[in-house]
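Read-outs throughout are calculated quantities, based only on the coordinates presented, and are distinct from any laboratory measurement. Small disclaimer: the values here were computed from a predicted structure and weren't measured. Cβ: placed from backbone, ideal geometry, glycine included. Neighbour counts: every protein chain shown.
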Amino acid sequence: LCMPMVEGAIKRLEVLRSQPELREKLWEIVRALQSGLKADGLNIGKTNSMVTPVYLSGSVAEGMQVVTDLRENYNLFCSIVVYPVIPKGQLLLRLIPTAMHTMDDVNYTIKVFKTVSEKLARGEYSKEIIVDARKL
């Protein structure tokens, strides 16, 4: 590894040792996010880490519209995994909560994911693809 990465890893270990309350805060946020997403009917599969997957159904193009909507209209960042990494017709969005997030952030994220999953189910993101194609 290059020296900046080694130094960063060492610093993170020092923070974990000197501020154990951050680890507990992180897991509090993670548990609230994951249980809230499940309670709203979202599929997060099985996870034992803070990385929180959200599985949705849709095309790659719809998935890109979802991610764009999340970033541009809701100010939420997540990464997306699509075919061929996962089966066609499935989308995997990954959330990575931190100890710096608040319960308000968690509640907002759950609400937004419920909203975009409903929009996806109604076909609203496939309509946006057609509209965008006409602009070309």
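Just a few scattered comments:
- Loop-exposed trypsin sites (Lys or Arg not before Pro) per DSSP, neighbour cap 14 Cβ within 10 angstrom, longest uninterrupted part of the chain: 1-45
- Computed magnitude of the charge dipole of the chain (debye, nearest 20; Cβ of K, R +1, Cβ of D, E -1): 280 debye
- Subset of Lys46/Lys127; Lys38/Lys127; Lys38/Lys119 violating a 21 Å alpha-carbon distance limit: Lys46/Lys127; Lys38/Lys127
- Take every Cα pair under 8 Å whose residues are at least 6 apart in sequence, average their separation, divide by the length of the chain, and the relative contact order is 27 percent.
- Calculated FRET efficiency, Lys11 to Ser49, Cβ-Cβ distance, R0 = 30 Å: about 0.90 to the nearest 0.05.
- Within the shell of other residues whose beta carbon sits under 14 angstrom from the beta carbon of Gly45, the net charge comes to +3, with Lys and Arg scored +1 and Asp and Glu -1.
- Within the chain, the whole DSSP H helices whose Cα atoms reach 18 Å or more along their own axis and whose mean Kyte-Doolittle score is at least 0.0 are 3-18.
- Projecting the Cα positions of Gln90, Ser126, Asn73 onto the charge dipole of the chain (unit charges on Cβ atoms of Lys, Arg, Asp and Glu, taken about the Cα centre) puts Gln90 furthest along the positive direction.
- With K and R counted +1 and D and E -1, the other residues having a Cβ less than 9 Å from that of Cys78 yield a net charge of +2.
- Structure-based [θ]222 nm, the chain - -39500 (n - 2.57) summed over DSSP H runs of at least 4, per residue, nearest 500: -20000 deg cm²/dmol
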